[in-house]
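See structure below.
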Amino acid sequence: MSALPEFSAANDPDALETQEWLDALGSVLEREGPERARYLLEKLVDKARRSGAYIPFSLNTAYLNTIPPHLEERSPGDHALEERIRSFCRWNAMVMVAKANKSDDELGGHIASFASVGTLFGIGFNHFWHAPHEGHGGDLVYFQGHSSPGIYARAFLEGRLSEEQLLSFRREVDGKGISSYPHPWLMPDFWQFPTVSMGLGPIQGIYMARFLKYLHARGLADTGNRKVWVFCGDGEMDEPESLGAIGLAVREKLDNLIFVVNCNLQRLDGPVRGNGKIIQELEADFRGAGWNVIKLIWGSYWDPLFARDQEGRLLRVMEETVDGEYQNYKANDGAFVRKHFFGKDPKVSRMTDEEIWRLNRGGHDPHKIYAAYAAAVKHSEQPTVILAKTIKGYGLGKQGQAKNPTHQLKKLDIATIREIRDHFNVPIPDDKLEELPLYKPEDDDPVMVYLHERRKALGGYLPQRRRNADSAPAVPPLAAFEQQLKGSEGREISTTMAFVRILTALVRDKNLGRHIVPIVPDEARTFGMEGMFRQLAIYSSEGQKYEPVDRDQVMYYREDKAGQIIEEGITEAGALSSWIAAATSYSHSNLAMAPFYIFYSMFGMQRIGDLAWAAGDQRARGFLLGATAGRTTLNGEGLQHEDGHSHVLASVIPNCVSYDPTFAYELAVIIQDGLRRMLTDQEDVFYYITLMNENYEHPAMPAGAEEAILKGMHLVREGSKKKQRVQLIGSGTILREVIAAGELLEADWGVAADVWSATSLTELRREGLAADRWNMLHPEAKPRVPHVTRCLEKSAGPVVAATDYIKTFADQIRPYVPGDRIYRVLGTDGYGRSDSRARLRHFFEVNRHFVTVAALKALADRGEVKSKVVADAIRKYGIDPEKPNPVAV
């Protein structure tokens, strides 16, 4: 097909016909409105395409504001007072960062990000963002992380933060200062969401908005009037998490979600799209996904120019200018803009340099911002994104505005400080500028009165965080899990199956059941959870519009508007974001929930480590279940499916409590106590528990084992009274190999073996570290003895530990093995591979034979048996001493 001719205004073969079409469209717009005009245009395009005409499709609109001046909703506020508030916030934000860096401590901090977003925040604070109050659960705002100084500056004006706190910015060790970025862990009454790890705010905001809809649909909370606002930078949108879930927001019709992208055209080190237009790029991304897109590019001072631009010359210049040039314009002056922008077409403007420099961008125009926000909150059936064009370092003078190093700007010279003072008209005299004083008007100043009135009208102050829910559902006693406590009674089951039975019991509990949130990416059947489909249903905002193909089966696939299960599809990041929303519901919605997210353990901590760390920062409470865990448990799958290190990754999150149970009774004890800690006691911890898909018989719980299970280690097999003795430790499925090794040591070599189940090597280490620290700081007191030390010192002999994870996992308790005991660790270092469980355990040297040989070698090293005994065992069990090292291959 040959290309169609392009008709420009200067090359129109029938200008009269063109004008007739334009007049007709103008008449429709005037008499019947834009919706009718859009309908007619869509019908015309459809007709042309059906007739074979090639009509290129574009997701972009002109480089203009989406809302024309005559449709802008006007702000009812006192514009002069609001400008003063914003100016004082800008000044105080600058002061706290600059003053923190006057010393040689190199504390860092950021001024430029808030400088660009200050007006966007100010309009939200004064007119749109509701705090929790009667009849309103509160809006949720994900603040752009680098802009935290501006949030602190406003809280200072509101009297919520003291001068001492602001002047101790980034000095937190003594408990007086405030954190560098939004961190709920460090400021639990202030920040709600950790956002400075870029990309995590956008994806969490999307799933939070969906979770509010979920709560509403299930009748658990009235969230109909709540909005989720997500502020992010244009450079941040390059993070995969930023755009990765925008399709879900459309599919779920999340009209309670508003993104505001601060398009200051700069990343940390330079322009975002110097050779292009990031606003146009993002418009295409979001509009293509189905979002309502509001472009907020130009301020009010441009409106007269657009009104006079009948030939489209100004628009053409704007379209041809790239972001690298736009950045350059605001780093210079009016004369520079005249020459390099307006000079592209001399007919565009005859303004003075001062008038040109006054031309403002939409993200700094309070009237345009109010109009965009007002349109966004009223829009229905779609999420909205506002693409606001701003200036990085706005108002920071020649030293800081729109320069490439602006993001790192934290130390200012006196000339720049004076420029900022003058630009924002802050009443600080010249002789005080060197001191960099904070500024706060008197309480009866009209500015302060207005500030408090606006927040009172919106229910209170933001950001604020609720530490605990007002109430929580009762947790069933351990006796409720009798089926797991008494063992499988001859049946072979996996710990995954045991977990599903525990979860089933929980959802049936009359107090707790409705607070359980089962979450799974896309493998509920793999984990044996399909029985819950019919019972609980999968949450769907649209219900189920089709008859499922397996409708005639007992466990058919059922979706429902009030469904309880959240099945995310193949997205670990999305599933964890849903889990975080549920796990923090006690805080953001005053509703204690108990989410259980089950996933392939290899695709958990490794893939979503940053989100898991953010969950800890956010004080999440819930259960993460790493299924098919261990490097040799998921036979046949191979390298990328076999997990040998998730527990090591989980161990680095301070408030993540992790367990690797072997038996159903251990799992029941752990989950019941976790519910007690997180719901009844409202502790800020979350759990990572590994589950396996290997079937075997489960014994009944030994009497009185509960406390030891929770501490991380309990005795499951006591050896005979023979002289030679070893202590064997195992966890997960490898515990069964360790138990078998104990039997081989007794039967084949006459060595007694005590076998310990290490339900949590990580918790054992944490307790050991705490005891070490206490003993060091209390040298005259009776020393504290860690649980693992107390267990092992009761019986003699070397200690051997084997797990289905890398050796680092079990090696972490080495300092707490008592006395001069030999401590030998077996683990699955190296890459996983496909094969049977038995062959994999032989390959990684963690099966019963290697445990037996390791125990005998430890005895030989102590001189308790001869080395020949070890060699005999190697021959007896068919071990090739020259077999490949699993780490090396």
**Request:** Quick one: accessible surface of D309, probe radius 1.4 Å, all protein chains present, in square angstrom to the nearest 10.
**Result:** 30
**Request:** At a Cα cut-off below 12 Å, give the aspartates and glutamates reachable from K411, other chains included and same-chain residues fewer than 8 away excluded.
**Result:** D104, E106
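Holding the Cα-Cα limit at 25 Å, pick out from K368/K432; K102/K392; K253/K295; K227/K389 the pairs that are longer than that. Before the final figure, lay out the partial values.
Numbers: K368/K432 36 Å; K102/K392 22 Å; K253/K295 20 Å; K227/K389 23 Å.
Pairs exceeding 25 Å: K368/K432.
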**Long-range HN-HN contacts of G276 with modeled amide H, under 5 Å** = D323, G324
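Can you tell me the relative contact order of the range 481-620? Whole percent, Cα pairs under 8 Å, sequence separation 6 or more. Intermediate results must be reported in sequence, preceding the final value.
On the way: 178 pairs, mean separation 33.8, N = 140.
Normalised by residue count, the contact order of the range 481-620 is 24 percent.
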**Message:** Need the C-alpha centroid separation for the range 553-576 versus the range 754-798, integer Å.
**Reply:** 43
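Write down the accessible area per residue of the chain in Å², having rolled a 1.4 Å probe over the full set of protein chains. Can you show the working numbers first?
Details: 37110 Å² over 889 residues.
Value returned for the chain: 42 Å² of accessible area per residue.
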**Item:** Cα lying deepest toward the dipole's positive end in the chain, options A771, V348, W229, charges on Cβ
**Value:** A771
**Request:** Can you tell me which of 753-759, 673-679, 766-772 comes out highest on packing, and rank the rest after it, using the mean Cβ neighbours within 10 Å?
**Result:** 753-759, 673-679, 766-772
**Fill in**
For the range 630-637, Karplus-derived ³J(HN,Hα) couplings (6.51, -1.76, 1.60; θ = phi - 60°; whole Hz; x for glycine and proline) come out as x, 7, 10, 8, 8, 5, x, 8
**Fill in**
Magnitude of the Cβ-charge dipole (Lys and Arg +1, Asp and Glu -1) of the range 18-58 about the Cα centre, nearest 20 debye, reported as 260
**Message:** Through the Karplus equation 6.51 cos²θ - 1.76 cosθ + 1.60, θ set to phi - 60°, convert the phi angles of the range 424-432 into ³J(HN,Hα) values in whole Hz; use x for Gly and Pro.
**Reply:** 9, 6, 8, x, 10, x, 4, 6, 9
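On the protein heavy atoms, probe 1.4 angstrom, tell me the percent of accessible surface of the chain carried by carbon and sulfur. Walk me through the numbers before you get to the answer.
Numbers: 18650 of 37110 Å².
After summing per-atom areas, the C and S share lands at 50 percent.
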**Asked** Is the shape of the range 643-799 rounded, prolate or oblate, going by the alpha carbon gyration tensor and its root eigenvalues a ≥ b ≥ c, with a/c under 1.5 for rounded and a/b larger than b/c for prolate?
**Response** oblate
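Given the peptides 327-333, 597-603, 880-886, 248-254, arrange them by the average over their residues of other C-beta atoms within 10 Å, most packed first.
Working: 327-333: 18.4, 597-603: 25.6, 880-886: 10.0, 248-254: 20.7.
Order by mean packing, descending: 597-603, 248-254, 327-333, 880-886.
By DSSP, what percent of the beta bridges with both residues in the chain are antiparallel, rounded to the nearest 5? The partial results should precede the final answer.
On the way: 8 of 65 bridges.
Of all bridge pairs located within the chain, approximately 10 percent are antiparallel.
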**the range 24-71 and the range 636-667: distance between their alpha carbon centers, rounded to Å** = 55
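Assuming R0 = 51 Å, can you tell me the calculated FRET efficiency for the pair E20 and D78, based on Cβ-Cβ distance, to the nearest 0.05?
Details: r = 48 Å, r/R0 = 0.94.
In this case the efficiency is close to 0.60.
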**Three principal axis lengths of the chain [C-alpha, angstrom, descending]** = 103, 76, 56
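Just how large is the dipole of the chain about the Cα centre, in debye to the nearest 20, putting +1 at every Lys and Arg Cβ and -1 at every Asp and Glu Cβ?
Around 1740 debye, computed over the chain.
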**Request:** Any lysines with Cα under 18 Å of the K807 Cα? List them, leaving off those in the same chain fewer than 8 positions away.
**Result:** K857
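Once you have the Cα-Cα distance between A335 and D470, take 0.36 nm times their residue separation minus that, and quote the gain in nm to one decimal.
Values: separation 135, 0.36 × 135 = 48.60 nm, distance 6.07 nm.
Answer, rounded to one decimal: 42.5 nm.
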**Item:** Global form of the range 253-318, assessed from the alpha-carbon gyration tensor, a/c cut-off 1.5
**Value:** oblate
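Quick check: from the Cα gyration tensor, does the range 407-541 come out rounded (a/c under 1.5), prolate or oblate?
Numbers: a/c = 3.96, a/b = 2.95, b/c = 1.34.
Prolate, because a/c is 1.5 or more and a/b exceeds b/c.
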**Rounded to whole Hz, the Karplus (6.51, -1.76, 1.60) HN-Hα couplings of the range 77-86, x for glycine and proline** = x, 8, 5, 5, 5, 5, 5, 5, 4, 4
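By the scheme Lys and Arg +1, Asp and Glu -1, what is the net charge of all other residues having a beta-carbon under 9 Å from that of F686?
The answer is +1.
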**Among 387-397, 526-536, 467-477, the order from most to least packed when residues are scored by Cβ within 10 Å on average** = 387-397, 526-536, 467-477
**Item:** Furthest towards positive pole of dipole, A335, P13, G400, structure part the chain, Cβ charges
**Value:** G400
**Request:** Give the relative contact order (percent, whole number) for the chain; include only Cα pairs under 8 Å separated by 6+ residues.
**Result:** 11
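The values are calculated or read from the model by the stated rules, or taken from the named source; none is laboratory data. Since this is a predicted model, take the numbers as computed values, not measurements. Quick reminder, even Gly has a Cβ in these numbers, built from the backbone with ideal geometry, and neighbours come from all protein chains shown. These area figures cover heavy atoms from the full protein model, side chains too; ligands, DNA and RNA do not enter into them. Shrake-Rupley method; radii C 1.70, N 1.55, O 1.52, S 1.80 Å.
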